[in-house]
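In what follows, a structure is listed as C-alpha coordinates, so that the remarks can point back to it.
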Amino acid sequence: MKVPNLLIIAGTGNKAGKTTMACRIIEKYRDTGVVAVKITPHFHENTPGLEPVIEKPGLSVYREKNNSTSKDTSRMLAAGASSAFFAMVTDDTLPEAFLEILKHVPEGAPVVCESPALRYYFDPGLFIVMKTLQTDNRKDIGELLKFSHKEFTLAEISGNTQLPLGFSYGTWYSL
(Lines give C-alpha, C1' and ligand atoms only; values in the text may rest on other atoms or scores of the structure.)
Protein backbone atom coordinates (compact mmCIF):
# COMPACT_ATOMS: atom_id res chain seq x y z
CA MET A 1 0.00 0.00 0.00
CA LYS A 2 1.45 3.35 -1.06
CA VAL A 3 1.51 5.99 1.72
CA PRO A 4 3.20 9.10 0.25
CA ASN A 5 2.97 11.14 3.48
CA LEU A 6 4.94 8.43 5.33
CA LEU A 7 8.69 8.64 5.92
CA ILE A 8 10.19 5.45 7.39
CA ILE A 9 13.56 5.39 9.15
CA ALA A 10 15.48 2.14 9.61
CA GLY A 11 18.97 1.46 10.90
CA THR A 12 21.72 -1.07 10.36
CA GLY A 13 22.36 -1.28 14.10
CA ASN A 14 21.63 0.01 17.56
CA LYS A 15 22.63 3.64 18.13
CA ALA A 16 22.80 4.24 14.36
CA GLY A 17 20.93 7.53 14.77
CA LYS A 18 17.35 6.58 13.89
CA THR A 19 15.73 8.66 16.63
CA THR A 20 18.21 11.50 16.15
CA MET A 21 17.29 11.61 12.45
CA ALA A 22 13.57 11.43 13.27
CA CYS A 23 13.92 14.36 15.68
CA ARG A 24 15.89 16.42 13.13
CA ILE A 25 13.15 15.89 10.55
CA ILE A 26 10.39 16.63 13.07
CA GLU A 27 12.13 19.86 14.14
CA LYS A 28 12.35 20.96 10.51
CA TYR A 29 8.67 20.19 9.79
CA ARG A 30 7.15 20.97 13.19
CA ASP A 31 4.88 23.64 11.66
CA THR A 32 3.23 21.08 9.34
CA GLY A 33 1.57 19.01 12.07
CA VAL A 34 4.04 16.15 11.68
CA VAL A 35 3.07 12.95 13.51
CA ALA A 36 5.76 10.70 15.02
CA VAL A 37 5.56 6.91 15.29
CA LYS A 38 7.85 4.35 16.94
CA ILE A 39 7.08 0.68 16.31
CA THR A 40 8.94 -2.13 18.04
CA PRO A 41 8.67 -5.94 18.09
CA HIS A 42 9.77 -5.92 21.75
CA PHE A 43 7.02 -6.11 24.35
CA HIS A 44 7.75 -4.57 27.72
CA GLU A 45 5.94 -2.90 30.58
CA ASN A 46 4.37 0.47 29.87
CA THR A 47 6.08 3.62 31.04
CA PRO A 48 4.43 6.75 32.43
CA GLY A 49 2.99 9.06 29.81
CA LEU A 50 1.57 6.40 27.49
CA GLU A 51 -2.18 6.58 26.88
CA PRO A 52 -3.69 3.36 25.44
CA VAL A 53 -5.20 3.57 21.95
CA ILE A 54 -5.70 -0.18 21.47
CA GLU A 55 -4.49 -3.21 23.41
CA LYS A 56 -5.04 -6.81 22.40
CA PRO A 57 -2.92 -9.96 22.11
CA GLY A 58 0.16 -9.24 19.97
CA LEU A 59 -0.65 -5.57 19.50
CA SER A 60 -0.50 -2.52 21.76
CA VAL A 61 -0.69 1.07 20.51
CA TYR A 62 -0.23 4.09 22.78
CA ARG A 63 -0.28 7.84 22.38
CA GLU A 64 2.73 9.50 24.06
CA LYS A 65 1.75 12.31 26.43
CA ASN A 66 5.09 13.01 28.14
CA ASN A 67 7.69 15.13 26.32
CA SER A 68 10.24 15.26 29.12
CA THR A 69 11.80 11.79 29.27
CA SER A 70 14.54 10.06 27.30
CA LYS A 71 12.07 7.66 25.59
CA ASP A 72 12.15 7.91 21.80
CA THR A 73 8.51 9.01 21.51
CA SER A 74 9.00 11.57 24.26
CA ARG A 75 12.01 12.98 22.41
CA MET A 76 9.93 13.16 19.22
CA LEU A 77 7.22 15.14 21.03
CA ALA A 78 9.85 17.48 22.46
CA ALA A 79 11.22 17.97 18.91
CA GLY A 80 7.84 19.34 17.85
CA ALA A 81 5.65 16.43 16.73
CA SER A 82 1.96 17.31 16.95
CA SER A 83 1.43 13.82 18.36
CA ALA A 84 3.50 10.69 18.89
CA PHE A 85 2.49 7.04 18.93
CA PHE A 86 4.29 4.00 20.32
CA ALA A 87 3.35 0.50 19.17
CA MET A 88 4.50 -2.92 20.35
CA VAL A 89 3.63 -5.53 17.74
CA THR A 90 4.31 -8.95 16.35
CA ASP A 91 5.13 -9.33 12.65
CA ASP A 92 1.56 -10.49 12.07
CA THR A 93 -0.03 -7.48 13.76
CA LEU A 94 2.26 -4.74 12.42
CA PRO A 95 0.01 -3.72 9.49
CA GLU A 96 -3.07 -3.61 11.74
CA ALA A 97 -1.24 -1.47 14.32
CA PHE A 98 -0.10 1.03 11.69
CA LEU A 99 -3.57 1.26 10.14
CA GLU A 100 -4.94 1.97 13.63
CA ILE A 101 -2.41 4.77 14.06
CA LEU A 102 -3.34 6.23 10.67
CA LYS A 103 -6.93 6.65 11.94
CA HIS A 104 -5.52 9.29 14.32
CA VAL A 105 -3.47 11.15 11.69
CA PRO A 106 -5.04 14.10 9.86
CA GLU A 107 -5.33 13.35 6.15
CA GLY A 108 -2.13 14.23 4.30
CA ALA A 109 -0.20 15.15 7.47
CA PRO A 110 3.46 14.15 7.39
CA VAL A 111 4.27 10.98 9.33
CA VAL A 112 7.79 10.12 10.50
CA CYS A 113 8.05 6.48 11.59
CA GLU A 114 10.93 4.58 13.15
CA SER A 115 10.26 0.97 12.13
CA PRO A 116 12.31 -1.00 9.60
CA ALA A 117 9.76 -3.82 9.29
CA LEU A 118 6.97 -1.42 8.31
CA ARG A 119 8.68 -1.14 4.89
CA TYR A 120 7.71 -4.75 4.14
CA TYR A 121 4.01 -3.79 4.32
CA PHE A 122 3.80 -0.15 3.22
CA ASP A 123 5.44 1.83 0.41
CA PRO A 124 6.40 5.21 1.91
CA GLY A 125 7.08 8.48 0.17
CA LEU A 126 10.62 8.23 1.55
CA PHE A 127 12.62 5.41 3.15
CA ILE A 128 15.81 6.39 4.98
CA VAL A 129 18.42 3.99 6.34
CA MET A 130 20.79 5.12 9.08
CA LYS A 131 24.05 3.18 8.74
CA THR A 132 26.29 2.46 11.68
CA LEU A 133 30.02 2.09 11.24
CA GLN A 134 30.28 -0.09 14.36
CA THR A 135 30.45 -3.78 13.53
CA ASP A 136 29.54 -5.12 16.99
CA ASN A 137 25.90 -4.01 16.95
CA ARG A 138 24.86 -4.36 13.32
CA LYS A 139 21.44 -5.67 12.35
CA ASP A 140 20.91 -7.62 9.16
CA ILE A 141 18.57 -5.44 7.14
CA GLY A 142 20.20 -6.29 3.82
CA GLU A 143 16.86 -7.13 2.23
CA LEU A 144 15.56 -3.65 3.15
CA LEU A 145 18.62 -1.77 1.89
CA LYS A 146 17.53 -2.30 -1.71
CA PHE A 147 14.41 -0.19 -0.97
CA SER A 148 16.21 2.78 0.57
CA HIS A 149 15.89 6.20 -1.02
CA LYS A 150 18.63 7.76 1.15
CA GLU A 151 21.33 6.39 3.46
CA PHE A 152 23.15 8.36 6.15
CA THR A 153 25.51 7.90 9.06
CA LEU A 154 25.01 9.74 12.33
CA ALA A 155 28.22 11.69 11.66
CA GLU A 156 26.86 12.89 8.31
CA ILE A 157 23.67 14.32 9.78
CA SER A 158 25.36 15.72 12.87
CA GLY A 159 27.62 17.95 10.80
CA ASN A 160 25.04 18.88 8.18
CA THR A 161 22.55 21.66 8.88
CA GLN A 162 20.43 20.88 5.82
CA LEU A 163 18.71 17.56 5.26
CA PRO A 164 18.30 16.54 1.59
CA LEU A 165 14.60 15.85 1.79
CA GLY A 166 11.34 17.69 1.56
CA PHE A 167 7.60 17.45 2.16
CA SER A 168 4.92 19.14 0.09
CA TYR A 169 1.41 18.39 -1.15
CA GLY A 170 1.18 15.35 1.15
CA THR A 171 4.34 13.66 -0.14
CA TRP A 172 7.88 13.13 1.19
CA TYR A 173 10.65 13.31 -1.38
CA SER A 174 14.46 13.35 -1.54
CA LEU A 175 16.45 16.24 -2.94
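The values are calculated or read from the model by the stated rules, or taken from the named source; none is laboratory data. What you see is a predicted model; the values in this text were computed from it and never measured. Every residue, glycine among them, receives a Cβ derived from its backbone with ideal geometry; neighbour counts consider all protein chains shown. With ligands, DNA and RNA removed, areas are computed over all heavy atoms of the protein, side chains included. Shrake-Rupley method; radii C 1.70, N 1.55, O 1.52, S 1.80 Å.
Could you give every pair whose Cβ atoms fall below 6 Å, whose first residue belongs to segment 1-18 and is closer than 26 Å to Leu102 by Cα and in contact (Cβ under 8 Å) with a residue 24 or more places away in the chain, and whose second residue is open to solvent by 10 Å² or more (accessible area, probe 1.4 Å) and part of a helix (DSSP H, G or I), counting only separations of at least 6 or pairs across chains?
Partner pairs satisfying both residue conditions: Ile8/Arg119; Ile9/Lys18; Ala10/Pro116; Gly11/Lys18; Gly17/Leu154.
Does segment 159-169 hold any residues that are loosely packed, with under 13 Cβ neighbours inside 10 Å and of a type outside the set (Phe, Trp, Tyr), and which are they?
Here is the first cut: in segment 159-169, the ones loosely packed, with under 13 Cβ neighbours inside 10 Å are 159-162, 164, 168-169.
Listed by number, the residues that qualify are Gly159, Asn160, Thr161, Gln162, Pro164, Ser168.
Of all residues in segment 122-150, count the ones that are open to solvent by 20 Å² or more (accessible area, probe 1.4 Å), of a type outside the set (Phe, Trp, Tyr) and either modelled with pLDDT under 90 or in a loop (DSSP other than H, G, I, E, B) (or both).
Narrowing segment 122-150 to residues open to solvent by 20 Å² or more (accessible area, probe 1.4 Å): 123, 131, 133-140, 142-143, 145-150.
Keeping just the survivors that are of a type outside the set (Phe, Trp, Tyr) gives 123, 131, 133-140, 142-143, 145-146, 148-150.
Those still in the list that are either modelled with pLDDT under 90 or in a loop (DSSP other than H, G, I, E, B) (or both) too: 131, 133-140, 142-143, 145-146, 148-149.
So the count comes out to 15.
Filter segment 24-45 down to the residues that are surrounded by fewer than 22 Cβ atoms within 10 Å (Cβ to Cβ) and outside any loop (DSSP other than H, G, I, E, B), then identify the one that is farthest from the chain's Cα centre (by Cα).
Asp31
Identify, from the list Thr153, Thr90, Thr69, the residue that is open to solvent by 20 Å² or more (accessible area, probe 1.4 Å), of a type in the set (S, T, N, Q), closer than 15 Å to Ala36 by Cβ and more than 16 Å from the chain's Cα centre (by Cα). I'd like the intermediate steps shown before the answer.
Working: Thr153 fails: closer than 15 Å to Ala36 by Cβ; Thr90 fails: closer than 15 Å to Ala36 by Cβ.
Step by step, each of Thr153, Thr90, Thr69 is checked, and only Thr69 is open to solvent by 20 Å² or more (accessible area, probe 1.4 Å), of a type in the set (S, T, N, Q), closer than 15 Å to Ala36 by Cβ and more than 16 Å from the chain's Cα centre (by Cα).
State whether the residues of segment 77-100 include one that is in a strand (DSSP E or B), among the aromatic types (Phe, Trp, Tyr), in contact with a helix residue (DSSP H, G or I) (Cβ under 6 Å, 6 or more places away or on another chain) and in contact (Cβ under 8 Å) with a residue 40 or more places away in the chain. Full working, then the answer.
Of segment 77-100, the ones in a strand (DSSP E or B) are 83-89.
Checking which are among the aromatic types (Phe, Trp, Tyr) leaves us with 85-86.
From what is left, the residues that are in contact with a helix residue (DSSP H, G or I) (Cβ under 6 Å, 6 or more places away or on another chain) are 85-86.
Applying the additional criterion that residues be in contact (Cβ under 8 Å) with a residue 40 or more places away in the chain yields 85-86.
Looking through segment 77-100, at least one residue is in a strand (DSSP E or B), among the aromatic types (Phe, Trp, Tyr), in contact with a helix residue (DSSP H, G or I) (Cβ under 6 Å, 6 or more places away or on another chain) and in contact (Cβ under 8 Å) with a residue 40 or more places away in the chain.
Those residues that are outside any loop (DSSP other than H, G, I, E, B) and under 19 Å from Thr19 (Cα atoms), I need them from segment 60-76; list them, please. Full working, then the answer.
At the first step, the residues of segment 60-76 found to be outside any loop (DSSP other than H, G, I, E, B) are 60-64, 72-76.
Matches in segment 60-76: Val61, Tyr62, Arg63, Glu64, Asp72, Thr73, Ser74, Arg75, Met76.
Listed here are the residues, each with its yes/no results for (1) modelled with pLDDT of 95 or more; (2) aromatic (Phe, Trp, Tyr).
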site	(1), (2)
Leu6	yes, no
Gly13	no, no
Lys18	no, no
Ala22	yes, no
Tyr29	yes, yes
Val35	yes, no
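Failed condition for Ala117, given (1) modelled with pLDDT of 95 or more; (2) open to solvent by less than 40 Å² (accessible area, probe 1.4 Å); (3) closer than 20 Å to Met130 by Cβ, with all others met?
Result: Ala117 fails condition (1) only.
Give segment 19-41 a look and list any residue that's without any contact (Cβ under 8 Å) to a residue 60 or more places away in the chain and either closer than 25 Å to Asp92 by Cβ or out of contact with any helix residue (DSSP H, G or I) (no Cβ under 6 Å at 6 or more places or on another chain) (or both), or say none. Reasoning before the result, please.
Step one: of segment 19-41, the residues without any contact (Cβ under 8 Å) to a residue 60 or more places away in the chain are 23, 27, 30-31.
Arg30, Asp31 - these are the residues of segment 19-41 that are without any contact (Cβ under 8 Å) to a residue 60 or more places away in the chain and either closer than 25 Å to Asp92 by Cβ or out of contact with any helix residue (DSSP H, G or I) (no Cβ under 6 Å at 6 or more places or on another chain) (or both).
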